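The values are calculated or read from the model by the stated rules, or taken from the named source; none is laboratory data. In this text the structure is predicted, and so the values were computed from the model without any measurement. Cβ coordinates were reconstructed from backbone atoms using ideal geometry, including for glycine residues, and neighbour counts include every protein chain displayed. We work out accessible area using only protein heavy atoms, side chains counted, and drop any ligands, DNA or RNA first. Shrake-Rupley method; radii C 1.70, N 1.55, O 1.52, S 1.80 Å.
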Amino acid sequence: MNLKYEDIKTPEELLEWMGYITYGYLGKEKIHTYQDPDFNEVWYDEYLLSKPEEVIENKIGNCWDQTELERKWFRNHNYKVKTIYVMVNLPYENIYPTHSYLIYQDKDNSWK
C-alpha cells in the first residue's frame with residue numbers, strides 16, 4: 001500500500017495501512033523486534049510508549065503503541081473512541097498478560 005498516514009480517509013484504510021506495522025517496541029537505545037533473543041527479557045527496563053509519530057516513522061509498535069496511533073487518527077477524524085486495556089490472570093506463566101485495543105462509534109452510531 002502506497003498510502004501515507006496523512007492521506008488515510010476511512011477506518012478500513014487505516015486498518016490496511018497498519019498491517020505494515022511490525023510488532024515490537026521502542027527501547028531506550030534501540031528498536032526491539034520480536035525476533036530479538038532478549039525481546040521479553042529487557043522489556044521492563046527498556047520499553048517506552050511510542051508517540052503516534054514514532055510508530056508512523058518506525059513502523060514498529062506493540063498493541064499499546066498502536067492503540068495510541070489509532071486514537072489519534074480517529075479523534076482527528078471526529079470519531080468517538082474508547083480504548084480498552086485488558087489484563088489476563090492465568091494459573092500458569094503468561095509472558096503476554098495484557099492487551100490494548102480501540103473501539104469507535106461509526107457514522108451509524110454502532111460501536112466497532
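Structure data summary
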| item | result |
| --- | --- |
| Tilt relative to the chain, helix 63-76 - C-alpha long axis, 0 to 90 degrees, to 10 | 20 |
| Most fluctuating residue given options ASN58, ASN78, ASN89, as computed from a GNM of the chain linking Cα atoms under 10 Å | ASN89 |
| Length released on extending from TYR23 to ASP7, taking residue separation times 0.36 nm less the Cα-Cα span | 3.5 nm |
| Max mean-square fluctuation residue, GNM over the chain, Cα-Cα springs under 10 Å, options ASN94, ASN76, ASN62 | ASN94 |
| Sequence of HIS32, HIS77 from largest to smallest accessible area, 1.4 Å probe | HIS77, HIS32 |
| Relative packing of 64-74, 12-22, which averages over residues the other C-beta atoms within 10 Å, highest first | 64-74, 12-22 |
| Heavy-atom accessible area per residue - the chain, 1.4 Å, Å² | 68 |
| For the range 1-91, size of Cβ-based charge dipole, Lys and Arg +1, Asp and Glu -1, in debye | 480 |
| Anisotropy class of the range 52-104 from Cα gyration tensor, a/c 1.5 cut | oblate |
| The range 52-112 - percent of accessible surface contributed by carbon and sulfur, probe 1.4 Å | 51 |
| Whole-Å semi-axes of the chain's equivalent ellipsoid (Cα gyration tensor) | 26, 19, 11 |
